[in-house]
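Remarks on the structure that follows.
The values are calculated or read from the model by the stated rules, or taken from the named source; none is laboratory data. This is a predicted model, so every value here is computed, not measured. Virtual Cβ from ideal backbone geometry, glycine too; neighbours counted across all protein chains shown.
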Amino acid sequence: MSDDRRDSGPEAGAKGVAEGMKGKLKEAAGALTGNEEMKHEGAAQQEKADAEREVARKKAEAERARAEVAAREAEQRSHQD
């Protein structure tokens with residue numbers, strides 16, 4: 001399995017969505033059955049999902065910034081010739 005730190009932005013985002021869905025289901029199941037521990041686990045999973053989606057957003061921002069820098073460097077090189 002891949003290391004979480006190496007997931008791309010879209011992969012981290014997809015994991016966040018899946019984790020959020022699992023958390024909502026777990027929280028709902030806990031509410032329906034009166035299982036407070038399961039409810040809390042579901043809420044914690046949703047918080048993890050939020051964090052994973054934030055990671056995906058930050059990775060996408062970083063990738064855009066890297067692409068921008070590469071484009072500027074290429075433009076500067078073209079003016080040096």
Condition first: within 22 Å of the chain's Cα centre (by Cα), surrounded by fewer than 14 Cβ atoms within 10 Å (Cβ to Cβ) and modelled with pLDDT of 90 or more. Can you find one or more residues in the stretch 5-17 that meet it? no
Just to be sure I understand the filter: pairs with C-beta atoms under 7 Å, separated by 6 or more residues or on different chains, first member in the stretch 50-72 and more than 13 Å from K15 (Cβ to Cβ), second member of a type outside the set (A, V, I, L, M) and assigned to a helix (DSSP H, G or I). Which pairs pass? A60/G9; E63/G9
